[in-house]
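Step one of this worksheet: look at the structure below.
The values are calculated or read from the model by the stated rules, or taken from the named source; none is laboratory data. Values in this document were obtained by computation on a predicted structure and should not be read as measured data. Cβ placement follows ideal geometry from the backbone for every residue including glycine, while neighbour counts extend to all protein chains displayed. We work out accessible area using only protein heavy atoms, side chains counted, and drop any ligands, DNA or RNA first. Shrake-Rupley method; radii C 1.70, N 1.55, O 1.52, S 1.80 Å.
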Amino acid sequence: MVSRNTAFCGICKPSSVIYDIIINRLCKDGFVDKAKELFSKMKGFGINPDMVIYGSLIDGLCKNEFVDTAKELLFEMKSRKINPDVVVYSSLIHGLCCVGNWNEAKSLFVEMLDQGVQPSVVTFSVMIDELCKKGMIDEANVLLEMMIERGVNPDTITYTMLLDGFCLLGRIDDARMLFVLMTSNGCKSDVYSYNILINGYCKMGKVEEAMSLYREMVSKGIQPTVVTYTTLLAGLLHESFVRTVGKGK
């Protein structure tokens, strides 16, 4: 005879949708171990995870740097003939970059393209950011061009990453041209992009250009921050020191 509890459990067995909601919430709240435990129980109950559930868990694992476990789930997905989507690829690429595994992230990006999965602005931005950090600014610029050619519009964050990359290498003229391109492409500059360019000019000893940018941002209603003022003050003091030393000679 089937007990009432058994019958009740059979009738009320949660669907994959319910599992996805709970796993997604657990991952967002940082309880990845609990999410993995629930994922295992789900499969034990005979419920096959779908793309959404895999995507939620992989994203949560990568954000908490459990990248190897996320890679195992990717392999499991493929073995079940579930093709990864842009969310899964982007999460893993970001996770691999965070743990310093650039070559594998690059390979996964190539695989993504080969599989006909269109990278999103997030995917491109993660790749561009990593290239800029490595000083590979020309390669990052090529990705920006590919991004635009594929109809993916770069956002302010994407442009800001490239601006920072150019400035770190002292390529202030290239940074300024990109800044102009950013505006002409309909992407509004913000205080962060202005601060990066102002800092780049100050480091190159071009304080007047930095001051011109400061006046421009104020005229556009963009509120300068402490970073803006600190950078300009440091630039002006350095310029004054150089002039004083020059006169002493």
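Seen from every direction in turn and averaged, the convex hull around the alpha carbons of the chain projects onto 18.6 nm². Excluding same-chain neighbours fewer than eight residues apart, the lysines reachable from LYS133 by a Cα-Cα span under 28 Å are LYS28, LYS63, LYS71, LYS106, LYS188, LYS203, LYS206.
Helix 16-28 and the long axis of the chain differ in direction by around 40°, with both axes built from C-alpha atoms. The distance from the alpha carbon centre of the range 35-97 to that of the range 108-144 is 21 Å, rounded to a whole number.
Using a Gaussian network model of the chain in which every pair of alpha carbons under 10 angstrom is joined by a spring, one finds that among VAL88, VAL180, VAL67 the greatest mean-square fluctuation is at VAL180.
Between MET204 and CYS98, the simple label model (points 7 Å from Cα in the Cβ direction) yields a spacing of 3.5 nm. Dividing the Cα radius of gyration of the range 116-204 by its Kirkwood radius returns 0.96 for Rg/Rh.
Net charge dipole, the chain: roughly 560 debye, given to the nearest 20, about the Cα centre with Cβ charges of +1 for Lys and Arg and -1 for Asp and Glu. Taking Cα atoms only, the orientation of helix 32-44 departs from the longest principal axis of the chain by about 30 degrees. Available extension along the chain between MET51 and ILE148 is 32.1 nm, counting 0.36 nm per residue and deducting the alpha carbon span.
Note on VAL121/LYS220: beta-carbon distance plugged into 1/(1 + (r/R0)^6) with R0 of 30 Å gives a FRET efficiency of 0.80. The accessible-area ordering, largest first, of the residues GLU208, GLU37 stands as GLU208, GLU37, per a 1.4 angstrom probe. Taking the chain as a Gaussian network of alpha-carbon nodes connected by springs under 10 Å, the highest mean-square fluctuation of the residues ASN153, ASN195, ASN103 belongs to ASN103. Pop the C-beta distance of ILE82 and LYS188 into the FRET formula with R0 = 35 Å and round what comes out to the nearest 0.05. Approximately 0.35, to the nearest 0.05.
What shape does the range 1-141 have by the C-alpha gyration tensor, where a ≥ b ≥ c are the square roots of the eigenvalues, rounded means a/c under 1.5, and otherwise prolate means a/b greater than b/c and oblate the rest? Because a/c hits 1.5 or more and a/b exceeds b/c, the range 1-141 counts as prolate. Rounded, prolate or oblate, given the Cα gyration tensor of the range 62-113, with a/c below 1.5 counting as rounded? In terms of gyration-tensor shape, oblate. Helix 86-98 and the longest principal axis of the C-alpha atoms of the chain enclose an angle of approximately 60°. Considering only ILE148, MET127, TYR194, whose Cα is most displaced toward the positive end of the charge dipole of the range 115-214, charges sitting on Cβ of Lys, Arg (+1) and Asp, Glu (-1)? Working it through, the farthest residue towards the positive pole turns out to be TYR194. Rolled with a 1.4 Å probe across the full set of protein chains, the surface gives VAL86 an accessible area near 40 Å². The residues of the chain expose on average 57 square angstrom of accessible surface per residue, using a 1.4 Å probe on protein heavy atoms.
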